[in-house]
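Where a number appears in this text, it was derived from the coordinates with a stated rule and is not lab data. From a predicted model like this one, the values you see are computed outputs, not experimental measurements. Here the Cβ positions follow ideal geometry from the backbone for every residue, glycine too, while neighbour counts run over all protein chains shown.
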Amino acid sequence: MKITVIYGTSRTERSSTYNIARQFIAELAGGDPVTEFHLPKDMPNFCTGCFNCFSDNTTCPHYTYIKPIADAMLNADLLIIAAPVYVFHVPGQVKALLDHFGYQWMAHKPRAAFFKKQALVITTAAGAGMRHAVKDVQDSFDWWGVGRTYSFKKAVQASEWRQVSNKTREEIALEVKATSQKILKQRGSAPRLKVRLIFYLMRFVQNKYRYSASDAAYWKENGWFDGKKPW
Ligand SMILES: Cc1cc2nc3c(=O)[nH]c(=O)nc-3n(C[C@H](O)[C@H](O)[C@H](O)COP(=O)(O)O)c2cc1C
């Protein structure tokens with residue numbers, strides 16, 4: 001399957017999260033293209049709050065960074081964000097990236113193609129904070145309309161991969177295979193209930209309240225007010 005992976009830090013071989021992501025890619029890519037981005041190098045800016053993207057995302061001041069990432073995500077079957085826990089959450093550069101994609105939340109202009117995709121959030125911590133870190137990312141995947149999102153969490157009790165014990169590595173290898181099987185099995189299936197419910201709720205809100213003329217026009221153009229569904 002075509003994969004777009006975003007690494008939340010610039011660490012590679014030394015990083016436990018990176019090494020786990022590579023194991024998933026080995027299980028899942030099956031010879032299809034894998035596009036990789038590393039933060040903060042590939043998107044080093046914070047959202048300026050200009051609101052431009054909500055009417056036209058190509059006018060984002062950081063569009064030269066955002067466009068390749070947006071295109072690669074639209075082209076992938078599976079999106080992966082792999083990031084360690086920093087102070088109980090994802091590192092700031094991951095949040096800074098996600099802020100730039102507020103325009104494609106279902107409250108605004110979700111991209112139809114996302115509803116047929118799957119996503120995976122990979123996080124490691126020394127011990128704690130992984131639930132919050134997964135939620136930091138999964139909220140965006142769910143509200144972008146990504147059909148199914150899986151999470152992989154591991155307390156590695158280490159600050160780098162070579163310190164990770166053999167026992168933990170064995171557990172990781174087994175869990176990577178089990179989660180990969182689930183991802184392969186769910187290929188092409190309808191979005192999970194939560195994602196469908198957000199879509200129905202946002203369709204009601206867009207149609208009834210029309211807070212933004214441009215968002216409402218987008219929903220209408222897609223036929224979503226007339227019963228058409230993006231999946
Ligand atoms: C700035 C910073 C904050 C961290 N905060 C936490 C934390 O809140 N909870 C925790 O269990 N580990 C925390 N850690 C440890 C890392 O999450 C852990 O070592 C992780 O596996 C590192 O991932 P990496 O090897 O992929 O870089 C922190 C590490 C750093 C550098």
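Could you work out the longest stretch of the chain that avoids the GluC sites (Glu not before Pro) located in DSSP loops with at most 14 other Cβ atoms within 10 Å?
Result, exposed sites excluded: 14-159.
Could you check what % of the DSSP bridge pairs in the chain are antiparallel, to the nearest 5?
The answer is about 5 percent antiparallel.
The stretch 126-198: D in µm²/s via Stokes-Einstein (Kirkwood Rh, Cα pairs, 37 °C, 0.692 mPa s)?
Stokes-Einstein gives a translational diffusion coefficient of 232 µm²/s.
Among Ala173, Val205, Val195, flag the residue with its Cα farthest along the positive direction of the charge dipole of the stretch 146-209, charges on Cβ as +1 for Lys/Arg and -1 for Asp/Glu.
Toward the positive end, the furthest listed residue is Val205.
Can you tell me the FRET efficiency between Thr48 and Tyr86 if r is taken as the Cβ-Cβ distance and R0 is 22 Å, rounded to the nearest 0.05?
It comes to 0.45.
Report, in debye and to the nearest 20, how large the dipole of the stretch 3-190 comes out about its Cα centre when Lys and Arg carry +1 and Asp and Glu carry -1 on their Cβ.
Value, rounded to 20: 380 debye.
Taking other Cβ within 10 Å of each residue's Cβ, how do Val134, Val205 sort, fewest first?
Listed from fewest to most nearby Cβ atoms, that is Val205, Val134.
Could I have the simple spin-label model distance between Ser212 and Ser189, label points 7 Å from Cα toward Cβ, reported in nm to one decimal?
Placing both labels 7 Å along Cα→Cβ, they lie 3.2 nm apart.
Please determine, in degrees from 0 to 90 and to the nearest 10, the orientation of helix 193-209 with respect to the longest principal axis defined by the Cα atoms of the chain, where the helix direction is its Cα long axis.
30 degrees
Reachable lysines from Lys194, Cα under 20 Å, same-chain residues fewer than 8 places away excluded?
Lys109, Lys116, Lys117, Lys135, Lys182, Lys185, Lys228, Lys229
Expressed in nm to one decimal, what extension gain is obtained for the pair Gln181 and Arg14 from 0.36 nm per residue of sequence separation less their Cα-Cα distance?
Full-extension gain reported as 57.5 nm.
Quick one: what are the phi-derived ³J(HN,Hα) couplings along the stretch 20-37, Karplus 6.51/-1.76/1.60 with θ = phi - 60°, whole Hz, x for glycine and proline?
Ordered by residue, 3J(HN,Hα) equals 5, 4, 4, 5, 4, 4, 4, 6, 10, 5, x, x, 7, x, 10, 10, 10, 10 Hz.
Give me the one-decimal nm value for the distance between modelled label points at Ser165 and Ala126, 7 Å along each residue's Cα-to-Cβ direction.
Label at Ser165, label at Ala126, 1.7 nm between them.
If I histogram all Cα-Cα distances within the chain using bins 5 Å wide from 0, what percent of pairs lands in each bin?
All Cα pairs, binned at 5 Å, distribute as 1, 7, 14, 18, 19, 16, 12, 7, 4, 2, 1, 0 percent.
Say each of Thr35 and Gln157 gets a label point 7 Å from the Cα, pointing the same way as Cα to Cβ; how far apart are those two points in nm?
Using points 7 Å along Cα→Cβ, the separation is 4.0 nm.
What aspartates and glutamates could a cross-link reach from Lys220, if we take a straight Cα to Cα line under 18 Å and drop same-chain neighbours fewer than 8 places away?
Hits, sequence-local ones excluded: Asp56.
Using the alpha-carbon atoms, what tilt in degrees (0 to 90, nearest 10) does helix 166-185 show relative to the longest principal axis of the chain?
Its long axis makes an angle of about 30 degrees.
If I fit a long axis through the Cα atoms of helix 63-75 and take the longest principal axis of the Cα atoms of the chain, what angle between them do I get, 0 to 90°, rounded to 10?
Relative to the chain, helix 63-75 is tipped by roughly 80 degrees.
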